[in-house]
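Reading through the structure tokens given below for one structure.
The values are calculated or read from the model by the stated rules, or taken from the named source; none is laboratory data. Just so you know, these numbers come straight off a predicted model, no measurement behind them. Counting neighbours? That spans all protein chains shown, and the Cβs are built from the backbone with ideal geometry, glycine included. These area figures cover heavy atoms from the full protein model, side chains too; ligands, DNA and RNA do not enter into them. Shrake-Rupley method; radii C 1.70, N 1.55, O 1.52, S 1.80 Å.
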Protein chains: 2
Amino acid sequence: MPSFFSKRDLHFHLYELLNVEQLTDYPYFKDHQRESFDMILDAAEQIADKMLRPLLTEMDRKEPQLINGTIRVHEGMKAVIRRFGDDGWINAGFSYEEGGQQLPVTVQNAAAFIFQAANYSASVYPFLTTGAANLIRTFGSEALIKRYTPLMYSGRWQGTMALTEPNAGSSLSDISTSAEPTEEEGVYSIQGQKIFISCGDHDACENVVHLLLAKIKGSPAGTKGISLFVVPKKRITDQGLIDNGITTAGVYHKMGYKGAPIAHLMFGSDNNCLGYLVGEPHKGLSYMFQMMNEARVGVGMNAAAIGTAAYYASLAYAKERPQGRPVTAKDPTQPQTLIIHHADVKRMLLFQKSVVEGSLSLLLQCGFWADLAHVSEGETKERAEILLDMLTPIAKSYPSEMCCQTTSAAVQILGGAGYTTDFPVEQYYREARIHPIHEGTTGIHGMDLLGRKLLLHGGKGLHYLTEEIQATIDEGRRSSYPDILNIAAQLQTVLERVDKVTASLLTLSPENKELFLADATLYLEFFGIVTMGWQWLKQAIQAQKSLEHSKIDGDLNFYRGKLAAADYFFEYEVVKTVSLAQRLMSHNRVTVEMQPDWF
Amino acid sequence: MPSFFSKRDLHFHLYELLNVEQLTDYPYFKDHQRESFDMILDAAEQIADKMLRPLLTEMDRKEPQLINGTIRVHEGMKAVIRRFGDDGWINAGFSYEEGGQQLPVTVQNAAAFIFQAANYSASVYPFLTTGAANLIRTFGSEALIKRYTPLMYSGRWQGTMALTEPNAGSSLSDISTSAEPTEEEGVYSIQGQKIFISCGDHDACENVVHLLLAKIKGSPAGTKGISLFVVPKKRITDQGLIDNGITTAGVYHKMGYKGAPIAHLMFGSDNNCLGYLVGEPHKGLSYMFQMMNEARVGVGMNAAAIGTAAYYASLAYAKERPQGRPVTAKDPTQPQTLIIHHADVKRMLLFQKSVVEGSLSLLLQCGFWADLAHVSEGETKERAEILLDMLTPIAKSYPSEMCCQTTSAAVQILGGAGYTTDFPVEQYYREARIHPIHEGTTGIHGMDLLGRKLLLHGGKGLHYLTEEIQATIDEGRRSSYPDILNIAAQLQTVLERVDKVTASLLTLSPENKELFLADATLYLEFFGIVTMGWQWLKQAIQAQKSLEHSKIDGDLNFYRGKLAAADYFFEYEVVKTVSLAQRLMSHNRVTVEMQPDWF
């Protein structure tokens, strides 16, 4: 079986690029060191390889089914979830007092990446629980924390995020699930329905704990009236667990990502569903959004992980498959060459490599900022928070959009074989497609970047990011290597292009708000490529340095590959910003003025 | 159920753009007129809507299965194929003497487009038979023609093209299936295996007739040693049909396009498989290639048809789905707006519309040239042949590549719903993905365009095409409408860009042949966008003319939609040629120099 990720590359990101060990200078992480991080990654690889990967295909073929009101998932999931609980993965980042390991987010995400690359669907269950538990521990009462989180950490109870409703997807302000106060303080009677709830019901855990958004009766309209509740499938009473009035109305059958059960749920049809308020009333959406960055970076990571697995699957195939001959030596009496020697195949491999490794670089960088935001203080903390905020729409969307294309390149390398279920690449292609949709569509993130993040904190996000990119360019310009100088100079030009495009768009706001935001998705794409260019310059600078000092053959190849991928990325991807900039600055009104009847 | 294509648009292409009625001036088509074409399209729509479309989802869910040595396909296919036979669709273009209707290819392709948009898999069976029968009638002996084609035309016998082998996919010269002469002239003993044979075996027809490539023992190596054979599943003897020694080793399970059975076949394992030579020995590949243009344009049409169905599915959804509010009026107490009013959704719809209608325009244009090549003489014939030859790689690849992206946009418009099997768009997304692979991968077509077609016939292909594009630009420049003038001027610039890029690449050939061809795929993409720009200028000029004279509301909307789509295409797609040109002219060597060990 071909490998599905590269630990060598993960180590490069963690130890050479980010120098993640510097986090251990902070008291919260002081018990850690490189050795403990390595052990954790090795442990993740063990589980990924032995437990998750063997289920990859099977979980795709045997979809979850709704039987007698409960969703039955693959029988292997019970052991997987319990193992995640037993080994402490669900609450690894939480404090010792909470039973956690105080592990940096950067390392947690690196481990999650390994799980996701092995079996995306299986990886969803435990980390949804982490997100839900995180909401309770951050905003919930002591009683709620005590009652719910230990069983969630152990993997016995599943956590979910219950947001979407039939009429409220991208427009969350329109949810209509209601919460009516009962006689007991903090306890509400819940009524409504939720759709697309990941792991919303299944038989691999003993209970399901929904972190649910609802409106307390009489609340103001829109987002200001939304509150957050813990709504368990079975609620705790003195007599033990009893049914809490939630009905599973259906399980979605999907194009991919089939191993995870996505449920349609009805709450309180018989007036017997209780929810427990988390924090204060009407603050539900803001609580949810404070966790959202994490989930969104997580989606980017999922996409990059699936893209990585597809990359290695197609790489293994390209190294084994003979077909055709070099264009300069077409003699049919000679044996065929391996397809990895064809420039067009190498192009498709470099495309995948540059996108997935560039994405991983940015995503781990985001994890690092999350750690700094958590443990540092003052300016460092503020800067990390704002950079994370600014880059979240890109960290979510660039990998999500691009890994649809990289998995497509993987399919293409395998040709007809890639289109069959005999190889895993077609599954990766199907699984990649969910990511531009969930946790905010690409369109929503475009609006978030251009319409919100750009101007948030008085424009500090763009300012800090530009400083970071400029610092990398400056470092590149001090290099003595022409290749580094060349791409640093290119990035300088591109950075100036960002300024021009942004300034040009801002002339439209606020008078022409519709036109200003009309191509927010393209602006996001443009910005995504620039950000990746920055990550590739960083990687190239580091690779060039390491190359000088390394004498190990495998390492030399690794660093040369990095330099080639950086070259590729600037040559084939960054160049797209020329056309995108021209497009974004033309202020053409066709999408605004198009009339529905003209289609 | 939303519509799956637009007859209005088909009529625009056939009667306003191409003026297909002019073909009836040629004796071969003299019995036809617009009324008969209309009747044929109406008949196609009837079958598509009543027979094909109802099976679309079912055929995806109930895949063909290999049971007791035979592939069982959906039970509805028997009636479908027989209907195609009974109504004369399989040989509609052939002469009256052959029982055909002497229907122009342009109109046949328009009808095929309707079938393909309704149910791609179902449409494959009859038209594969057409292609196989066409080979027999063009190159086969009278005896072969008489023996095989009538039963193929009737739909009782399936035809196939049996090319690919385990070690010979893109590199056809490496086939190893052998043919050994028997005592009877023209009859050979066949041995070998073929993979990925569409409709290679199934139970909806009484027999399967393979048009198979094999090497006669002792033939020269490479493509020069390849011959073409008729190899039926059951061969005709005086005692009736008997088994011809072909074993179905397997049926492929695929990501999409599941309704058509793709077989792995073993020929002559027991030395009892006979093949009948078609034409002369060693000319098999050239025969096959003479039919290949047709098949390749057909693949482009499949892709455009699937893209069209997905476009209309997402358009219908966008017109019904309320979500969110205008960016300038976010009041949550107001009702939500339909998503078709969001600029980002209109952008995704315009993207689909411009790609699928532009593709259809080019593909019908190719059909028209095929007709001219068939019925005209002298310079007109030569020009049509060369233009068709030149544009075939683009007509195959542009729709194939881009409809992977347009069907993705359709999924995106539906959001989470689009990822579920409750809507057909996810199926379209899966089905679109085969087209960049079969009938020559995109990489192969890039090499064909840059490495062959550009220099073929002394460069006449590029010369004629440039003349055609220039003529359209000149017409646009005589317009009194600023929008037309604007895009005509843009296309002029782009045409000059083609010259520059091509000249720049040609400086590399032949000394640097590997580098010259390394980015052939990107050159094909570049050229595809230019060609589409040309088709959109043509459509815009015509739409503007028709708009002046039309007074019907629906027509006004239709033409305004065309003008908006042309505007969109230049603004969002043609602009990509700027970056592509920069890329293609840089002569960067990264994909050539990348080493396998560096990945």
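Pairing each residue of segment A:278-303 that is on the phi > 0 side of the Ramachandran plot with any residue that is among the aliphatic types (A, V, I, L, M), provided the two are 6+ apart or on different chains, yields C-beta distances under 8 Å for A:G279/A:L228; A:H282/A:I216; A:H282/A:I226.
Residues that are surrounded by fewer than 19 Cβ atoms within 10 Å (Cβ to Cβ) and under 24 Å from the mean Cα position of the chain (by Cα) within segment A:18-35 comprise A:N19, A:E21, listed in sequence order.
When A:P2, A:P54 are checked against the criterion of being open to solvent by 30 Å² or more (accessible area, probe 1.4 Å) and either in a loop (DSSP other than H, G, I, E, B) or small (G, A, S) (or both), A:P2 stands alone in meeting it. Residues in segment B:584-599 that are among the aliphatic types (A, V, I, L, M) and either more than 8 Å from every other protein chain (Cβ to nearest Cβ) or in a helix (DSSP H, G or I) (or both): B:L584, B:M585, B:V590, B:V592. Selection of first residues in segment B:432-447 that are within 10 Å of chain A (Cβ to nearest Cβ) and of second residues that are at pLDDT below 95, restricted to Cβ pairs under 6 Å at least 6 apart or on distinct chains, gives the following pairs, ordered by first then second residue: B:I444/B:S170.
Considering B:G159, B:G192, the condition of being under 14 Å from B:S227 (Cβ atoms) and either modelled with pLDDT under 95 or assigned to a strand (DSSP E or B) (or both) is satisfied by B:G192 alone.
Each row is one residue, and each column tells you yes or no for (1) under 19 Å from B:T182 (Cβ atoms); (2) hydrophobic (A, V, I, L, M, F, W, C); (3) open to solvent by 20 Å² or more (accessible area, probe 1.4 Å); (4) within 14 Å of another protein chain (Cβ to nearest Cβ).
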{"residue": "B:L228", "(1), (2), (3), (4)": "yes, yes, no, no"}
{"residue": "B:I236", "(1), (2), (3), (4)": "yes, yes, yes, no"}
{"residue": "B:I246", "(1), (2), (3), (4)": "yes, yes, yes, no"}
{"residue": "B:A263", "(1), (2), (3), (4)": "no, yes, no, yes"}
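Criterion applied to B:G418, B:G458, B:G446 was being surrounded by fewer than 18 Cβ atoms within 10 Å (Cβ to Cβ) and in a helix (DSSP H, G or I), and the one residue passing it is B:G458.
The residues of segment A:530-563 that are basic (K, R) and either at pLDDT below 95 or under 27 Å from A:M390 (Cα atoms) (or both), listed by number, are A:K538, A:K551, A:K562. Residue check: A:T466 meets all listed conditions (1) more than 22 Å from A:P399 (Cα to Cα); (2) open to solvent by 40 Å² or more (accessible area, probe 1.4 Å) but one, namely (1).
Of all residues in segment A:217-248, those satisfying the criterion of being aliphatic (A, V, I, L, M), under 27 Å from A:T138 (Cβ atoms) and in a strand (DSSP E or B) are A:I226, A:L228, A:V230, A:V231, A:I236, A:L241, A:I246. Among the residues of segment B:113-134, is there at least one that is surrounded by fewer than 19 Cβ atoms within 10 Å (Cβ to Cβ), in contact (Cβ under 8 Å) with a residue 24 or more places away in the chain and outside any helix (DSSP H, G or I)? The answer is no, given that none of the residues of segment B:113-134 is surrounded by fewer than 19 Cβ atoms within 10 Å (Cβ to Cβ), in contact (Cβ under 8 Å) with a residue 24 or more places away in the chain and outside any helix (DSSP H, G or I).
Matching residues to (1) of a type outside the set (S, T, N, Q); (2) open to solvent by 30 Å² or more (accessible area, probe 1.4 Å); (3) touching a strand residue (DSSP E or B) at 6+ places or on another chain (Cβ under 7 Å); (4) within 18 Å of A:E439 (Cβ to Cβ):
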| residue | (1), (2), (3), (4) |
| --- | --- |
| A:A168 | yes, no, no, yes |
| A:T182 | no, yes, yes, no |
| A:I190 | yes, no, yes, no |
| A:K194 | yes, no, yes, yes |
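Filter segment A:551-583 for residues that are closer than 30 Å to A:A503 by Cβ and not in a helix (DSSP H, G or I) and give the result. Correct list: A:V575 only. A Cβ distance below 7 Å, combined with a sequence gap of six or more or placement on separate chains, defines the contacts here; from segment B:512-532, residues that are surrounded by fewer than 24 Cβ atoms within 10 Å (Cβ to Cβ) reach residues that are among the charged types (D, E, K, R) and modelled with pLDDT of 95 or more in the pairs B:L515/B:R589; B:L522/B:R583; B:I529/B:E573; B:I529/B:K576. Restricting to segment A:361-407, name every residue that is touching a Pro at 6+ places or on another chain (Cβ under 6 Å) and open to solvent by 30 Å² or more (accessible area, probe 1.4 Å). Within segment A:361-407, A:E401 is the sole residue that qualifies.
Taking residues in segment B:157-185 that are closer than 30 Å to B:G85 by Cα and more than 14 Å from chain A (Cβ to nearest Cβ), and partners anywhere that are in a strand (DSSP E or B) and open to solvent by 10 Å² or more (accessible area, probe 1.4 Å), the pairs with Cβ atoms closer than 7 Å and at least 6 places apart or on different chains are B:T160/B:S198. Residues in segment A:305-322 that are open to solvent by 10 Å² or more (accessible area, probe 1.4 Å) and of a type in the set (G, A, S) were compared, and the one that is nearest to the other protein chains (Cβ to nearest Cβ) is A:A316.
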